[in-house]
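Below you'll find the structure, written out as structure tokens, and then a few comments.
The values are calculated or read from the model by the stated rules, or taken from the named source; none is laboratory data. Values in this document were obtained by computation on a predicted structure and should not be read as measured data. All Cβ positions, glycine included, derive from the backbone under ideal geometry; neighbour counts span all protein chains shown. In case anyone asks, the SASA skips ligands and DNA or RNA and just uses the protein heavy atoms, side chains included. Shrake-Rupley method; radii C 1.70, N 1.55, O 1.52, S 1.80 Å.
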Amino acid sequence: MIGRAARAGRVMARRRSGVGPVLATWTTVVLCCALPAAAYAEALPEALVKAYQTNPQLNAERARQRATDETVPQALAGYRPQIVASLSAGLQSVRNLLPDNTIQTANLKPWIIGVTVTQTLFNGFRTANNVRAAELQVQSGREALRNVGQGVLLDAVTAYTNVLANQSLVEAQRSNVAFLRETLSITQRRLNAGDVTPTDSAQAEARLSRGLADLNAAEVALAVSQATYSQVIGNAPSALRPAEVVDRYLPKTREDSIAMSIREHPAVMAAGFDVDVASTNIRVAEGALLPSASVQGSASKSRNNDPTLGTFAEDQASIVANVTVPIYDGGQAAAQTRQAKEVTAQSRLVLDQVRNQARTAAVSAWVANEGAKIAVSASESEVKAATVALQGVQREAAGGQRTTVDVLNSQADLIQARARLIGALRDRVIASYTLLSAVGHLDVKTLSLNTPDYLPEVHYHQVRDAWHGLRTPSGQ
């Protein structure tokens, strides 16, 4: 009996010594280090490039920014002349009763054609301030676009590392199930030989059922993460390569992180431009209280007006200067000015709020990144210790000093330690990218991604001075 138990213990020890350390090492390598990968494997930078190029949320924000660019030529239209052409024609039947009681009738075909040109000379500086406000809105929109780009890239990193982590967890759970199956098989053989009690077999069977449930949960989580990956990246994940941290791009201290986030985060910069827009709109509202001047030129040609005038044709040309001075408009302009001032005050408070949020996010990201480093180190030590402990328990069980439940408990400790290590490695990668995003530097240029950077100013310069044309620069 003792010899049979010793053989069973040696089989279990050989199985654990072959599977455990290899799986722990493989898990660490998948998430942190470089492995020889197949030619079709997709690395994290490649996934980020796909997300940057094809993500619908980011492309929609780019379209929104292109629409914002068009507000500048709309404001510039205030400097340009307004030209209107008109044409009217019809049939007219005339019946006139003259003083001598005679009747005059005529069937006329009158028509008139004309053109009017209006040029604003002064409108209380409203055009200039509208142009400035539009340009500031464009700059604010660019920062908002950059912020959305950061969010999309961070979502892509999260989706990528979640797939990697869940793949590692599924493999760990499969290894655990295989170990539990072997343990149950050995325990049943020992039960048949009379070495153990039915309790040992029941315990091994219960642990196998729990392992199968954990494996199913891991497979479900993997399927969900794969679907999220497809949503963010644009294609289903294939063989993914290791994900690396970006510590080389990160600030060295917490204080540097806070300073960079307040100074360079796109949300803060966008809020600053919004304050400038609101301040400019005060001057736009005040412009309604100032005089305005314009000049209007017109020319027209008409035929068959009225036979009683003694002429059947008329050509006219005129040029008229117009100056208006507002006296009282019921208080509308004054109310709009006060409203603009309150909006400006609100914008300044929003800027302070965004700065506080950026500061908090930077501190949180810094602490999380530092904590993730410690968590990885602790989890690696835990896995090593749990592996050694399991091997020792197996040897003691082979000598009759430990029970089956001791081996099962030790195995459960090891699989839990591996799960924590997998999660810590995933969190380590995400935390480094989160900190890079918190300081406003999670972009194509910083990461040196192999894709052209989207430059919103290109479209801006294409449309800014466009005087006409219905097609967009892309041909739509």
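Please go through (1) modelled with pLDDT of 95 or more; (2) closer than 30 Å to Ala67 by Cβ for Thr161 and return the number of the only condition it doesn't satisfy.
(2)
Of the residues Gly399, Gly392, which single one is loosely packed, with under 14 Cβ neighbours inside 10 Å, modelled with pLDDT under 90 and of a type outside the set (A, V, I, L, M)?
None of the others qualify; the one that does is Gly399.
Hey, any hits in the stretch 405-413 for a residue that's in a helix (DSSP H, G or I), farther than 30 Å from Asp247 by Cα and open to solvent by 60 Å² or more (accessible area, probe 1.4 Å)?
Yes: the stretch 405-413 contains one or more residues that are in a helix (DSSP H, G or I), farther than 30 Å from Asp247 by Cα and open to solvent by 60 Å² or more (accessible area, probe 1.4 Å).
Filter the stretch 76-85 down to the residues that are in contact with a strand residue (DSSP E or B) (Cβ under 6 Å, 6 or more places away or on another chain) and either farther than 25 Å from Ala317 by Cα or open to solvent by 70 Å² or more (accessible area, probe 1.4 Å) (or both) and list them by number.
Gln82, Ile83, Val84, Ala85
Is it fair to say Leu154 is part of a helix (DSSP H, G or I), surrounded by fewer than 21 Cβ atoms within 10 Å (Cβ to Cβ) and touching a Ser or Thr at 6+ places or on another chain (Cβ under 7 Å)?
yes
Report whether or not Ala243 is among the hydrophobic types (A, V, I, L, M, F, W, C) and either over 25 Å from Gln57 (Cα atoms) or part of a helix (DSSP H, G or I) (or both).
no
Look through Arg248, Arg210, Arg263, Arg283 and report the one residue that is among the basic types (Lys, Arg), open to solvent by 30 Å² or more (accessible area, probe 1.4 Å) and closer than 30 Å to Arg126 by Cβ.
Arg283
So which pairs qualify, if the first residue must be in the stretch 397-420 and over 17 Å from Gln203 (Cβ atoms) and free of Cβ contacts under 8 Å to residues at least 40 places away in the same chain, the second must be part of a helix (DSSP H, G or I) and among the small types (Gly, Ala, Ser), the Cβ gap must be under 9 Å, and the two must be at least 6 apart or on different chains?
Close Cβ pairs (under 9 Å, with a partner that is part of a helix (DSSP H, G or I) and among the small types (Gly, Ala, Ser)) amount to Gln416/Ala386; Ala417/Ala24; Ala417/Ser379; Ala417/Ala385; Ala417/Ala386.
List pairs: first in the stretch 179-193 and among the aromatic types (Phe, Trp, Tyr), second assigned to a helix (DSSP H, G or I), Cβ under 7 Å, 6+ apart or cross-chain?
These pairs meet every condition: Phe179/Arg15; Phe179/Arg16; Phe179/Val19; Phe179/Gln411.
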